[in-house]
């Protein structure tokens, strides 16, 4: 059984403000769209093991591709959408602290 863990404090301690700001923008847009948004995958592992964060993966309780396209419209960059899989990569206009994209996936349970 999966478990939800709140890693907000660890994210705030580990991520630079510029990257936190980026995640906040995505989160605010998700809230506006009434979508849940979760940080998942390697970033969670890296936080727990105190490794460098090299990429950020998100699960969207809603349409990940639509969210990525709206974020791209407001903040620039490019979106690569994979509708067959319900996934999107938002390629940033310029890297932030070594991160050049955010990957998102629609939650299939919604």
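Per-structure values
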item	result
Count - residues of the range 85-110 that are outside any strand (DSSP E or B), in contact (Cβ under 8 Å) with a residue 60 or more places away in the chain and over 18 Å from residue 63 (Cβ atoms)	1
Count - residues of the range 54-84 that are under 16 Å from residue 35 (Cβ atoms) and in a loop (DSSP other than H, G, I, E, B)	2
Number of the exception - residue 51 against (1) under 19 Å from residue 97 (Cα atoms); (2) over 14 Å from the mean Cα position of the chain (by Cα); (3) not in a loop (DSSP other than H, G, I, E, B)	(3)
Of all residues in the range 30-43 being touching a strand residue (DSSP E or B) at 6+ places or on another chain (Cβ under 9 Å) and assigned to a helix (DSSP H, G or I), the one that is surrounded by the fewest Cβ atoms within 10 Å (Cβ to Cβ)	31
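Just so you know, all these numbers are worked out from the coordinates, no wet-lab data involved. Remember, predicted model here, so these are calculated numbers, not experimental data. Using ideal geometry, Cβ is built from the backbone for each residue, glycine included, and neighbour counts are taken over all protein chains shown.
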